[in-house]
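Computed from the coordinates by the stated procedures, all read-outs in this text should not be read as laboratory data. Because the structure is predicted, anything quoted here is derived from the model rather than measured. Cβ placement follows ideal geometry from the backbone for every residue including glycine, while neighbour counts extend to all protein chains displayed.
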Amino acid sequence: MPELPDVELYRRTLDRHALHRRILRVVVSDARILSDLAEKDFAARLKSNQLERSRRHGKHLLVRLARDGWLVMHFGMTGTLCYVEPADADVPYDRVRLVFEGGSLVYVNRRMLGRVGLTDDADAFIATEGLGPDALDPAFDLATLSAALDGRREVKAVLMDQSVVAGIGNLYADEILFQARLHPRAPGRSVGKAKRRSLHEKIKTVLQTAIDCGAGAEQFVERLPKGWLLPQRHEGGTCPRGHGQLATIKAAGRTSYYCPRCQPEPA
Ligand SMILES: [Zn+2]
């Protein structure tokens, strides 16, 4: 499932190949991805337009159009964005394609849980979606995290709540909690001051390191620093610190991998 680091990589793909180029054609292969937006309106707004600059907010990718608003993409569980040459190259689960001279930017999604749309104002869109600050933005500071931990919820649920902090999903929440040595179901308020600081720092470093290692791309896992949980996040996986098999538990409604020794259950 694409999380902040994956979407950041899609953003860079878009920047590298698709900015400041005339969109010759718009091909919508499955209009359900546009939800209530009419296909002809979507195509009309983009045709002959250009992508001017991109902005990521959590798991959303927003792209300023040279005229008339923003293109918005969310990738759901299985979405991705790629650039292909030639422009008509076949891509499985192609849903929306922006065709340029010699190549196409393709929004791909096997399941239809993501969304492609338009908005007039990126900041208003973010507010309407109820998104908190992007996890890597300085606006997501220790005080913001701390205030959210003071509620009634478990720490993993706080990390995955997009209205608290935008960008963290199941996989990176597990990595962050492992590195901060916190049990996924620890009550937020039980997390002490020093641990809060460490958790906040791990949120930033885990996501940034994943981006730097090329999140989701080939050989991503091999490039990760030693001691990460992520490569072991499967059945039979073991603690990178040598404590034997990882355990799983449901937290925030999702299967969580953790090490019972590194991340003991709160008393
Ligand atoms: Zn361990």
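Mean projection of the Cα convex hull over all viewing directions, computed for the stretch 84-143: 6.5 nm². Applying 1/(1 + (r/R0)^6) with R0 = 30 Å to the Cβ-Cβ distance of Thr13 and Glu265 gives a FRET efficiency near 0.15. Note on Ser163 and Thr255: the extension gain reaches 31.0 nm, defined as 0.36 nm multiplied by sequence separation minus the Cα-Cα distance.
Fully extending the segment from Lys40 to His234 would add 65.5 nm, taking 0.36 nm per residue of separation and subtracting the current Cα-Cα distance.
Measuring r between the beta carbons of Val221 and Arg22 and using R0 = 45 Å, the FRET efficiency lands at 0.75. For Lys156, the lysines whose Cα comes closer than 28 Å to its Cα, not counting residues fewer than 8 places off in the same chain, are Lys59, Lys193, Lys195, Lys202, Lys204, Lys226, Lys250.
Assuming a ≥ b ≥ c are the square roots of the Cα gyration tensor eigenvalues, decide whether the chain counts as rounded (a/c under 1.5), prolate (otherwise, with a/b larger than b/c) or oblate. Because a/c hits 1.5 or more and a/b exceeds b/c, the chain counts as prolate. Between the helical axis of 170-180 and the longest alpha-carbon principal axis of the chain there is an angle of about 40 degrees. Put simply, the amide H of Ala251, placed in the peptide plane, has neighbours under 5 Å in Ser256, leaving out anything fewer than 5 places away on its chain. Unpaired Cys in the chain, meaning no second Cys C-beta under 4.7 Å: Cys82, Cys213.
For Gly103, the amide hydrogen comes within under 5 Å of the amide hydrogens of Ala87, counting only partners 5 or more places away or on other chains and with H modelled in the peptide plane. Only one residue of Pro187, Phe220, Gln263 has its Cα farthest out toward the positive end of the dipole of the stretch 144-267, where Lys and Arg carry +1 and Asp and Glu -1 on Cβ, and that residue is Pro187.
For the pair Asp141 and Ser48, label points projected 7 Å from Cα toward Cβ lie 4.8 nm apart. Helical runs assigned H by DSSP (4 residues or longer) give the chain a calculated mean residue ellipticity at 222 nm of -8500 deg cm²/dmol, each run adding -39500 (n - 2.57) before division by the residue total. Leu118 sits among other residues whose Cβ lies under 10 Å from its own Cβ, and their net charge, with Lys and Arg +1 and Asp and Glu -1, is -2.
As an exercise, use a Förster radius of 35 Å and the Cβ-Cβ distance of Glu101 and Asp121 to find the FRET efficiency, rounded to the nearest 0.05. That pair, Glu101 with Asp121, gives E of 0.70. Segment Thr128..Arg189, full-extension length gain: 19.1 nm, with 0.36 nm per residue of separation and the alpha-carbon distance subtracted. For the peptides 111-117, 125-131, residues were scored by their other Cβ atoms within 10 Å and the scores averaged per peptide; the highest-first order is 111-117, 125-131. When the stretch 33-91 is described by a simple charge dipole with +1 on each Lys and Arg Cβ and -1 on each Asp and Glu Cβ, the residue from Ala87, His57, Phe42 located farthest towards its positive end is His57. Close amide H contacts of Asn49 (hydrogens built in the peptide plane, cut-off under 5 Å, sequence separation of 5 or more or a different chain): Ile23. Placing a label point 7 Å from the Cα of Ala66 along the Cα-to-Cβ direction, the residues of the stretch 8-23 whose backbone N falls under 17 Å from that point are 15-23. For the pair the stretch 107-158 and the stretch 1-23, the centres of their Cα atoms are 19 angstrom apart. How would you classify the stretch 1-156 from its alpha-carbon gyration tensor, with a ≥ b ≥ c the square roots of the eigenvalues: rounded for a/c under 1.5, else prolate if a/b is greater than b/c, otherwise oblate? Taking the square roots of the gyration eigenvalues as a ≥ b ≥ c, the stretch 1-156 is prolate. An oblate overall shape is assigned to the stretch 1-45, the ratio a/c of its alpha-carbon gyration tensor axes (a ≥ b ≥ c) being 1.5 or greater and a/b not exceeding b/c. With a simple spin-label model that places each label point 7 Å from the Cα along the Cα-to-Cβ direction, the separation between Arg110 and Gln208 comes to 3.3 nm.
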